[in-house]
Each structure stands twice: as structure tokens, then as C-alpha cells.
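Just so it is clear, none of the values below were taken in a lab; they were calculated from the coordinates. Keep in mind it's a predicted model, so treat the numbers as computed, not measured. No Cβ is skipped: glycine too gets one built from the backbone with ideal geometry, and neighbour counts run over all protein chains shown.
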Amino acid sequence: MKRLRATGIRFSAHFPAVLAAFQLLLSLVSGADQGLVGKTIPSLRLENGKIYNEVTFLRIENNEVFIRHAHGLATLPIESLPEDWSRGSGARDRGDSAGTGRSERAKGERSPNSEGGRPGKSTRSAADSLELREKIYFFTFLLCLGFLIFTAIGFSNSCPSCKKWWSKKFRFKSEIGRANRYKTITRTDIQKDRDGKVTGTVERQEQVHVTVVSYENHWSCRRCHHTWVTFTESEC
């Protein structure tokens, strides 16, 4: 029991570091391009004149701002925010001209392309932010997958006596017996017509003779030098 507890303590010593790294990656994902998130203001006046009271900014996604106000929830286009707020959120490029921005917001339009057919600055900014989040999600997935694989392999190579991971060492394997058995297999027969063309297939069950060889696998522990035996079988 003491050995089991000691193993749990060693594992828990590494777990906070992994959890902290995972939370850091999640914070990078959720906090990318969201300078306004979490802020609360008494009132918010949009470019079209509409006013929201007791506004809390929840999140920013795809050039849309999600807010909670005195009368419920609302989703606002980033272009509808005042110039100072939209710049502070980082969702609007600072290089946009104020006159063009105000006219587009007043009309309620979103221009996906600028002159000459090139993507607009706000569109490029949103695309770059989305690409960054996808990369961070992918890296987080790989990190979690690697940690799970590391844990599974380490546990499978532990000693049954001292319970320490990565201590299992293979010594040798010896044959201890052979046995004749039968097993059922599925065969697929191809049917052809007189011209040799394939017309279909038929599956059938058939019993075949196999020889099963039994082995003893001898292992030892690198830490406590405990030895043990496992048994495996293979067909030949």
C-alpha cells in the first residue's frame, strides 16, 4: 500500500505541470483577439444610435461581439461598435480609414473585398485569427494525445511488485508446449460464368487445422529486481 501511494505521489507531482500547460494553451485559444472580453460598461451606444445599458462583453468570434445587457443577450457586428471600441478589441485593423469605416457601418454592410478584388483588412485579420486558433487547437490535441500515450505505455511497463513505471525489462522467452486445434475461418469464393467474367462472390465457413505454440515470457524489474512470468500463445 505504501508503494502504491508513493507511485501516486510521483505521478501527481508531474500532473499539475501538464495541467498548467494545457490551461495556458486554452487561455491562448480563448483569449486570442478578444481585448474587450470580460469588460463591463454602464452603457454602449452603437453607430446606428441604439443604446444598451449595463453591458458586459462575453466573447468575440468571426467579427461578431456577444454581449450581456440589462435586458438579456445580444450579438452585434463588430462594425456596429464605436470606432474607439472596435479598435480596442483588436478585431478591426487600425489602418482602415475612419470615413470609410463609418459609412460602411451606417449602411450595415460588410465589405468582404477591397478594391481590385483583394481581401479587406478586417477579413484578413479574421482569417489570420482563425488560422491561429486552429493551430493552437491542433497543438493542444497533439499534446493531450502524447500525454495519454506516454501514460498508457508507462503503466503497461510497470512492475507488479513495486508498481514503478518504465521498469519492466524482458529477459527471455521459452517454449513450453504445442497443441493441435481447429478454428473456423471465412473464405470467399469467386463465381464466374462460361466466359470467365466474375458474376459474384460467396462466403463460406470452414474449419482448418492449426498448431498453437505456448510460451513463457520472463520479465524482471530494473528497480527492485523482482521477476515474474507471463504466458502467450501463437499459431503456426
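So here's what we get for this one:
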read-out	value
Some residue of the stretch 200-208 being more than 30 Å from residue 169 (Cβ to Cβ) and free of Cβ contacts under 8 Å to residues at least 12 places away in the same chain	yes
Residue within the stretch 178-201 that is out of contact with any Gly (no Cβ under 9 Å at 6 or more places or on another chain), over 30 Å from residue 155 (Cβ atoms) and aromatic (Phe, Trp, Tyr) present	yes
